[in-house]
Amino acid sequence: MNVHEHQAKELLARFGVPVPAGFVAFTPDEAVAAADRLPGPLYVVKSQIHAGGRGKGRFLELPEGAQGGVRLARSREEVRAHAEDMLGRTLVTAQTGPAGRRVRRLYVTQGVAIGQEFYLAFLVDRSSGRIACVASAAGGVDIEEVARATPERILTLTVDPATGWRPHHGRRVAAALGLGGDLRAQLLDLTDRLYRAFLALDASQIEVNPLAVSGDRLMVLDAKMNFDANALFRQPDVAALRDPSEEEPAEVEAARHDLAFIKLEGDIGCLVNGAGLAMATMDIIKLAGGEPANFLDVGGGASREKVTAAFRLILADPAVRGILVNIFGGIMRCDIIADGIVAAAREVELKVPLVVRLEGTNVEQGRAILARSGLPVITADDLGDAARKVVAAVRGA
């Protein structure tokens with residue numbers, strides 16, 4: 001689960017992480033009121049969406065000369081003008097895709113003088129199964145280019161869970177950033193606080209970009225946090241920060257039915273039981289020349305109602321031109337899947353090719369249900385056969 005920048009900073013401030021003063025605003029009047037609560041004379045008005053690259057973003061509704069989702073203001077009037085420009089408009093960044101995200105809230109913060117900018121992050125390193133710290137002296141908006149062109153400028157170190165974050169980790173990061181004296185001491189304290197926040201909040205990522213030197217202080221000027229969705233049951237304060245308006249509507253609907261669903265850019269819908277099988281199904285669709293429209297795992301013990309909801313979810317996507325159902329019945333019974341497919345297809349008046357591959361528990365009953373349904377189902381003998389058939393059907397071959 002993601003949160004907005006202002007929420008991430010509020011969480012980190014609880015752990016003593018130094019962040020500039022700031023307030024969230026949902027209207028231009030609230031943005032001006034936020035500025036009135038700050039000392040000034042420099043303010044930063046920041047669009048709040050679940051995507052990075054906001055400073056270099058562009059608004060679809062504004063001319064080229066009035067761009068950028070992060071802007072400086074030197075008066076209450078400029079704060080209001082920026083708020084009126086940004087609120088309610090669509091911001092496109094390198095991370096949003098061409099459709100962009102609508103800006104529904106702003107974060108008005110105190111402007112600070114910046115001497116140096118660094119990159120600092122804690123994240124889950126899947127390859128080692130440990131928490132990793134990533135740091136670079138080349139922080140700021142172009143960190144992706146640094147990673148691509150000069151990866152040697154980025155330090156990555158993993159943390160042994162048996163010992164946790166230790167001072168020697170902090171010293172390595174300080175050396176990589178070229179910090180000494182009091183700034184080095186501040187960096188050691190800051191990294192310790194970020195690591196403790198990471199563990200305490202069940203985070204999967206804390207990204208600080210930039211971490212800035214302002215005068216004689218280190219300051220977190222931007223923060224991005226992601227959280228382990230499987231641990232939200234023990235993080236009610238974090239769960240309460242969820243903003244469904246920033247999520248794909250289909251994924252919000254899927255969560256209501258306890259379905260693992262991720263929308264993709266293709267045109268072949270996938271309904272599969274088991275995450276590994278779902279990944280293999282998407283891979284073999286691509287191998288056959290097609291593009292999957294989604295990842296959808298109905299799980300091992302789905303009911304007919306859950307399968308029906310999954311099928312409706314796939315068909316609600318106007319980009320879907322064909323559907324591949326791939327079920328290996330173990331705990332999940334093939335007849336239940338077949339019942340759900342028939343119920344959903346009749347409800348939504350199925351108008352796209354449907355390829356079904358069933359194997360496992362009650363497979364003969366499942367196939368019989370599909371045969372009696374009168375639906376134009378294309379059956380497949382195995383996964384490769386199913387992928388070739390659905391791609392051919394979608395491409396009109």
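The values are calculated or read from the model by the stated rules, or taken from the named source; none is laboratory data. Model, not experiment: these values are computed from the prediction. Counting neighbours? That spans all protein chains shown, and the Cβs are built from the backbone with ideal geometry, glycine included. The accessibility values were calculated without ligands, DNA or RNA, using every heavy atom of the protein model including side chains. Shrake-Rupley method; radii C 1.70, N 1.55, O 1.52, S 1.80 Å.
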Taking only pairs six or more apart or across chains, which ones have beta-carbon atoms under 9 Å, a first residue in the stretch 160-173 that is closer than 20 Å to Ser127 by Cβ, and a second residue that is open to solvent by 60 Å² or more (accessible area, probe 1.4 Å) and assigned to a loop (DSSP other than H, G, I, E, B)? Asp160/Arg166; Pro161/Gly129
So if I check each of Phe328, Phe295, which one is part of a strand (DSSP E or B), within 23 Å of the chain's Cα centre (by Cα) and surrounded by fewer than 22 Cβ atoms within 10 Å (Cβ to Cβ)? Phe295
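Residue-by-condition table, conditions (1) within 23 Å of Leu91 (Cα to Cα); (2) in contact (Cβ under 8 Å) with a residue 12 or more places away in the chain; (3) among the hydrophobic types (A, V, I, L, M, F, W, C); (4) in contact with an Asp or Glu (Cβ under 8 Å, 6 or more places away or on another chain):
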residue	(1), (2), (3), (4)
His6	yes, yes, no, no
Pro41	no, yes, no, no
Ser47	yes, yes, no, no
Gly55	yes, yes, no, no
Leu60	yes, yes, yes, no
Can you name the condition, by its number, that Gln365 falls short on among (1) part of a helix (DSSP H, G or I); (2) under 13 Å from Arg304 (Cα atoms)? (2)
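Provide a single number: the residues in the stretch 64-75 that are of a type outside the set (A, V, I, L, M, F, W, C) and either open to solvent by 90 Å² or more (accessible area, probe 1.4 Å) or out of contact with any strand residue (DSSP E or B) (no Cβ under 7 Å at 6 or more places or on another chain) (or both).
Within the stretch 64-75, residues that are of a type outside the set (A, V, I, L, M, F, W, C) and either open to solvent by 90 Å² or more (accessible area, probe 1.4 Å) or out of contact with any strand residue (DSSP E or B) (no Cβ under 7 Å at 6 or more places or on another chain) (or both) number 5.
When you check Thr93 against the structure, is it touching a Lys or Arg at 6+ places or on another chain (Cβ under 9 Å) and at pLDDT below 95, yes or no?
Numbers: touching a Lys or Arg at 6+ places or on another chain (Cβ under 9 Å): yes; at pLDDT below 95: yes.
It is true that Thr93 is touching a Lys or Arg at 6+ places or on another chain (Cβ under 9 Å) and at pLDDT below 95.
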Out of the residues in the stretch 300-325 meeting the condition of being under 16 Å from Ala278 (Cβ atoms) and part of a helix (DSSP H, G or I), tell me which one is most open to solvent (accessible area, probe 1.4 Å). Lys306
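Considering Glu84, Glu61, Glu78, which residue is surrounded by fewer than 18 Cβ atoms within 10 Å (Cβ to Cβ), within 22 Å of Ser245 (Cβ to Cβ), at pLDDT 95 or above and not polar (S, T, N, Q)? If you could, list the steps in order and put the result at the bottom.
Details: Glu61 fails: at pLDDT 95 or above; Glu78 fails: within 22 Å of Ser245 (Cβ to Cβ).
Criteria check complete, one pass: Glu84.
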Which one is surrounded by the fewest Cβ atoms within 10 Å (Cβ to Cβ) among residues in the stretch 367-394 that are closer than 14 Å to Leu324 by Cα and basic (Lys, Arg)? Arg388
Residues that are open to solvent by 20 Å² or more (accessible area, probe 1.4 Å): which strands (runs of 3 or more DSSP E) entirely in the stretch 94-174 hold 2 or more of them? 116-125, 130-136, 154-159
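Please go through the stretch 331-362 and pick out each residue that is in a loop (DSSP other than H, G, I, E, B) and either touching a strand residue (DSSP E or B) at 6+ places or on another chain (Cβ under 9 Å) or under 21 Å from Gly266 (Cα atoms) (or both). So that I can check it myself, show each step before the final result.
As a first pass, look at the stretch 331-362 and keep what is in a loop (DSSP other than H, G, I, E, B): 331-333, 349-353, 361-362.
Matches in the stretch 331-362: Met332, Arg333, Leu350, Lys351, Val352, Pro353, Thr361, Asn362.
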Scan the stretch 244-264 for residues that are open to solvent by less than 20 Å² (accessible area, probe 1.4 Å) and farther than 15 Å from Phe295 by Cα and jot them down. Glu246
Cβ-Cβ below 8 Å, separation at least six or inter-chain, first residue in the stretch 185-197 and in a helix (DSSP H, G or I), second open to solvent by 10 Å² or more (accessible area, probe 1.4 Å) and β-branched (Val, Ile, Thr): which pairs? Tyr195/Ile131
Go through the stretch 265-292 residue by residue and tally those that are of a type in the set (A, V, I, L, M, F, W, C) and crowded, with 17+ Cβ neighbours inside 10 Å. 9
Can you name every residue in the stretch 93-121 that is of a type in the set (Phe, Trp, Tyr) and touching a His at 6+ places or on another chain (Cβ under 8 Å)? Tyr107
